[in-house]
Amino acid sequence: MANRYEIRLSGSGGQGLIVAGIILAEAAGIHDGKYVCQTQSYGPEARGGASKAEVVISEEEIDYPKAIKPDVLLAMNQKACDAYFFDMKPDGMLVVDSTFVKQLPTTRAISIPFTQLSRERFGKEIVANIIALGALVTLTGAVSLNSIEAAVLNRVPPGTEELNRKALTAGIEAARGFLNERLSRESHASFTDE
């Protein structure tokens, strides 16, 4: 891990991004033992307004708490993708909820339908943020899978632990599916180039 690894989770109020940021920070700081800062902001209207949470993870003390040039951007809606894409590092990772993000600013974007998965598997959208967290941690390795699971189970409302554990697993599986598919495409492309 670089001395400073910046993650921005963005979307709209009601999508659970602040909670996701807190969970990610706890996974990094409490369970993985790294230095971490977590900040958040949201528009004047809580539900439906702009919302973002930032997590900065480091092996050393952090001198500035906010993301300057995010290594990773999670965009849960089109507005967030459009607003924050250009803040990312040039080689940064863009992960989008393809349920709501249809216009991609780069061909390197990772599109996974977090909200659609939440609706189909669990009959409600409420765990789309946890599905996204599972995918994000799998794609980035920012924190260990054990740490993110422990942080999720520690933070979610009592009685919802099993639902959230299943949601986390759904995100991990979705990300692994994406990575396997990409690997398969790349090996096929290199095979046909020979």
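The values are calculated or read from the model by the stated rules, or taken from the named source; none is laboratory data. Quick caveat, the model's predicted, so the values are computed rather than measured. Ideal geometry is used to build each Cβ from the backbone, glycine not excepted, and the neighbour counts take in all protein chains shown.
Below are the figures for this structure:
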read-out	value
Options ARG165, ARG185; residue that is at pLDDT below 95, over 28 Å from ARG4 (Cα atoms) and of a type in the set (Lys, Arg)	ARG185
THR106 part of a loop (DSSP other than H, G, I, E, B), among the β-branched types (Val, Ile, Thr) and surrounded by fewer than 16 Cβ atoms within 10 Å (Cβ to Cβ)	yes
ALA151, sole failed condition from (1) without any contact (Cβ under 8 Å) to a residue 60 or more places away in the chain; (2) buried (at least 21 other Cβ atoms within 10 Å of the Cβ)	(1)
Test: residue in segment 119-126 that is more than 23 Å from ASN164 (Cβ to Cβ) and free of Cβ contacts under 8 Å to residues at least 40 places away in the same chain	no
Meets criteria (in a helix (DSSP H, G or I), at pLDDT 95 or above and in contact with a helix residue (DSSP H, G or I) (Cβ under 9 Å, 6 or more places away or on another chain)) for GLU149	yes
Scope segment 109-130; condition of a type in the set (Phe, Trp, Tyr) and either part of a loop (DSSP other than H, G, I, E, B) or within 15 Å of GLY16 (Cα to Cα) (or both); matching residues	PHE114
Any chance LEU179 is in contact (Cβ under 8 Å) with a residue 12 or more places away in the chain, surrounded by 22 or more Cβ atoms within 10 Å (Cβ to Cβ) and part of a helix (DSSP H, G or I)	no
Number of the condition not met by ARG108 [criteria: (1) in contact with a strand residue (DSSP E or B) (Cβ under 8 Å, 6 or more places away or on another chain); (2) basic (Lys, Arg); (3) at pLDDT 95 or above]	(3)
Candidate set from segment 5-58 (those that are among the acidic types (Asp, Glu) and modelled with pLDDT of 95 or more); member that is surrounded by the most Cβ atoms within 10 Å (Cβ to Cβ)	GLU6
Criterion violated by LEU73 - all others in (1) without any contact (Cβ under 8 Å) to a residue 40 or more places away in the chain; (2) within 15 Å of the chain's Cα centre (by Cα) satisfied	(1)
Filter result for GLY134 (within 21 Å of ARG8 (Cα to Cα) and either outside any helix (DSSP H, G or I) or in contact with a Gly (Cβ under 8 Å, 6 or more places away or on another chain) (or both))	yes
